[in-house]
Amino acid sequence: MPLALAALASPPPVAAQPWPVAPASDGAEQISQLFWFTLVLATIVFILVEGLLIYSSLRFRRRTAIPTFEPPQLHGNTRLEVMWATVPALILIGLFGITVTRLGDLNQIPTDPGIMHIGVTGQQFSWTFAYGNSGVKTTNDLHLPVGQQVVFDVTSVDVIHGFWAPDLFGQIDANPGRVNHITYTANQTGEFRGVCAMLCGAGHSGMMFRVTTQSPADFQTWLQQQQSGGGPSPAAAPGASPVPGASPAAGGGTGDPTMGAMLIVQHGCPACHIIPGIPGATGTTGPDLGSHDNVPPVGQRPMIATYPNGTVPNHSPNDLKAWLLNPPALKPGTLMPDLGLTDQEATNIVAYLETLK
Ligand SMILES: [Cu+2]
């Protein structure tokens, strides 16, 4: 178990990559080609210009202490001057043309009704993904089928965020009150990192997500698992309630603290909270859940959040669960987002938090 937990450590884990960008979608491949083309061209120009500069400095350097004659005085060379103005201009115009054409192609958002849409919602400080009309939602965990074009409908509920998975495509802004679209087709299976590319507040640096690209068959299996109320893996299924947000008072069986620890990482809690035992949980936007300044760890606290109306003032596992299932409903205006947890997921997270005594 510790191994699996370490593998899920925040930020979302991905294999180390030798290059900052290793294209894993058709679109990223095109952007990458453009990048390399520009780099090679710029390198040739750089070597040519710097080479001439170094050559001229050495070849025409002053060789005697005091010049005894005036060197020949030159007044311009029209042919040379026209050349060094025209050649760079032509190169730049060419690059501009290629870039604009390619970006135009990449920005074509298909309207074909058969194409899968994934709703992307940024929120301080997590990402929620909604898969077409399947009813499936995930937090900080994006799954994509390989070889299948996907349109992302990107928005935000608070401030401007930047949706970006560098290996898969360029970034696009997530603006409140507006839906931006971006599309790409993943072309290899694997795990990739995604980030918020827009400084959006104190927890910005932790606002990361993991992209898992799978074969279409694996993707469908995963989607069905999610639909049947499962957690991140089939192991989470036993006792899972298929009704998200089911009444916390109903209990919901016993939780699995180990599963809870994984869910805490998966849902991005480490970005905002210090949570003992969770790797990378050093966020300071939300309350510190460990013991500090005479405050006991969360499992021992008499209260879990201060509600203005005193609805759930105490700390019992059920209070904690009710809070996790929908914080804004209990405390309007709270920074703690509704993570879209299922009843069983909340039970598992509570089970972990209760171990912090
Ligand atoms: Cu952000």
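Some observations on this one:
- Extension gain for Trp84-Glu29 works out to 16.5 nm (0.36 nm per residue, less the C-alpha to C-alpha distance).
- Packing, as the average of other Cβ atoms within 10 Å across residues, places the peptides 105-111, 74-80 in the order 105-111, 74-80, highest first.
- Label positions at Arg62 and Leu74, each projected 7 Å from the Cα along the C-beta direction, are separated by 2.0 nm.
- Ordering of 142-150, 164-172 by burial proxy (mean other Cβ atoms within 10 Å per residue, highest first): 164-172, 142-150
- Residues whose amide H falls under 5 Å from that of Ser156, counting only those 5 or more places apart or on a different chain, are Gly122, Asn175, Gly177, Arg178, with hydrogens built in the peptide plane.
- For the peptides 117-130, 324-337, the ranking by packing is 117-130, 324-337, with the highest mean count of neighbouring Cβ atoms within 10 Å listed first.
- Whole-angstrom gap from the range 136-164 to the range 83-111, using each part's C-alpha centre: 29
Every read-out reported here was derived from the displayed coordinates using simple, explicitly stated rules and does not represent laboratory data. Here the structure is a predicted model, which means the values were calculated and not measured. Glycine gets a Cβ as well: all are built from the backbone with ideal geometry, and neighbour counts include every protein chain shown.
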